[in-house]
Amino acid sequence: MSAATAVDERLAPASLVRRLLGRPELGAVVGAVAVFVFFSLVAPTFLQASSLSTILYSASTIGIMAVPVAMLMIGGEFDLSAGVMVTTSALVSSMFSYQMTADVWVGVLVSLLVTLAIGFFNGFMLTRTKLPSFIITLGTFLMLTGLNLGFTKLISGTVSTKSIADMEGFPSARALFASKWEIGPVTLQITVLWWLALVAVATWILLRTRAGNWIFAVGGGADAARAVGVPVVKTRIGLYMGVALCAWISGQHILFSFDVVQSGEGVGNEFLYIIAAVIGGCLMTGGYGSAIGSAVGAFIFGMTSNGIVYAQWNPDWFKFFLGAMLLLATLLNAWVRKRAEASK
């Protein structure tokens with residue numbers, strides 16, 4: 001009787017509470033609700049339709065990069081070059097198109113190849129040298145920061161690129177990377193659609209494909225994953241190239257939104273991407289997290305950064321709130337995971 005009961009317990013479907021506790025993004029969802037309610041009470045304009053447009057746009061610009069960074073963190077690695085890589089992508093597109101007087105789509109495609117090559121370089125150096133990803137990508141960050149400024153000054157004579165708004169292909173490229181629509185009182189930027197599409201694709205990869213299993217396995221322990229046949233090298237390189245692909249998308253948005261690019265942009269944004277992923281449930285040690293969680297983390301960032309403005313507070317307090325949310329989210333995620341493991 002006791003054996004049959006044990007079998008029945010193992011086969012019984014998990015309760016709703018247990019399933020919720022097992023979701024990495026649970027803590028982020030609770031935090032998002034709290035932040036929403038808080039700013040709804042202290043900032044009357046927070047609930048206006050125009051405010052929603054601004055919040056979604058802010059969240060999407062961070063969220064596009066937070067998705068691949070979250071996948072990379074699930075795989076147990078970091079990329080400190082992600083922020084300046086976005087700027088590199090935009091600079092290559094702009095300067096190549098301008099200098100070659102080519103259709104801007106040529107510059108866009110060249111930028112894609114260059115950005116993917118940077119991602120491949122990060123992954124290749126990591127797997128070849130066995131150095132920590134912190135060191136590898138910190139080196140890439142410094143090199144790209146110097147290259148962005150040096151090449152821009154060398155080619156353009158200033159720290160920003162020349163205008164390419166009158167070049168062939170610009171309108172169609174802007175439509176793909178920087179268009180927007182008016183839906184009643186809400187302005188919907190195309191970055192929101194890019195963001196949601198990337199979250200959907202990443203979630204499918206992580207939960208429904210063999211590659212997703214590889215990512216979790218590598219993050220949980222590379223040696224153990226390699227022992228059971230997981231292609232660790234390919235998985236890591238693929239993750240870094242995924243970060244590069246999204247950096248290209250973000251870079252093209254910046255270029256075709258503002259027409260010109262400042263070579264010093266992007267420095268420090270890599271921490272925002274990591275913070276969004278951690279708030280969304282990713283562990284610093286790897287092997288745990290979700291793409292949906294990174295989206296919730298980015299949405300919290302959008303609400304906080306704009307909510308402070310709507311509440312008419314000093315925006316200097318934003319970094320304080322960001323740091324506090326990071327610490328609280330990390331503690332909450334650790335507690336949720338312990339409860340989930342205890343309930344198994």
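The values are calculated or read from the model by the stated rules, or taken from the named source; none is laboratory data. Predicted model, so just to flag it, every value in this text is computed and none were measured. Note that each Cβ is placed from the backbone with ideal geometry, even for glycine, and that neighbours are counted across all protein chains shown. The area values use the complete protein model at the heavy-atom level, side chains included, leaving out ligands, DNA and RNA. Shrake-Rupley method; radii C 1.70, N 1.55, O 1.52, S 1.80 Å.
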Failed item in (1) more than 22 Å from the chain's Cα centre (by Cα); (2) assigned to a helix (DSSP H, G or I); (3) farther than 14 Å from Gln252 by Cβ, with Trp181 passing the rest: (2)
Report whether or not Ile64 is more than 30 Å from Leu154 (Cβ to Cβ) and of a type in the set (Val, Ile, Thr). no
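Each row is one residue, and each column tells you yes or no for (1) open to solvent by less than 50 Å² (accessible area, probe 1.4 Å); (2) modelled with pLDDT of 95 or more.
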| position | (1), (2) |
| --- | --- |
| Leu80 | yes, yes |
| Leu91 | yes, yes |
| Tyr98 | no, no |
| Trp105 | no, yes |
| Leu113 | no, yes |
| Phe120 | no, yes |
| Gly123 | yes, yes |
| Lys130 | no, no |
| Leu144 | yes, yes |
Criterion violated by Glu265 - all others in (1) at pLDDT 90 or above; (2) crowded, with 24+ Cβ neighbours inside 10 Å; (3) assigned to a loop (DSSP other than H, G, I, E, B); (4) not hydrophobic (A, V, I, L, M, F, W, C) satisfied: (2)
Checking Val243, Val192, Val201 in turn, the sole residue that is crowded, with 24+ Cβ neighbours inside 10 Å and part of a helix (DSSP H, G or I) turns out to be Val243
So, in segment 274-293, of the ones that are on the phi < 0 side of the Ramachandran plot and not hydrophobic (A, V, I, L, M, F, W, C), which residue ends up surrounded by the most Cβ atoms within 10 Å (Cβ to Cβ)? Gly280
Is it fair to say Phe256 is in contact (Cβ under 8 Å) with a residue 60 or more places away in the chain and in a helix (DSSP H, G or I)? yes
Boolean, Phe271 is modelled with pLDDT of 90 or more and surrounded by fewer than 24 Cβ atoms within 10 Å (Cβ to Cβ): yes
Being out of contact with any Asp or Glu (no Cβ under 9 Å at 6 or more places or on another chain), open to solvent by 30 Å² or more (accessible area, probe 1.4 Å) and free of Cβ contacts under 8 Å to residues at least 60 places away in the same chain narrows it down to one of Lys180, Lys153, so name that one. Lys180
Working only within segment 132-155, note down all residues that are in contact with a Gly (Cβ under 8 Å, 6 or more places away or on another chain) and among the hydrophobic types (A, V, I, L, M, F, W, C). Phe141, Leu149
Only one of (1) outside any loop (DSSP other than H, G, I, E, B); (2) open to solvent by 70 Å² or more (accessible area, probe 1.4 Å) does not apply to Asp166, and that is (1)
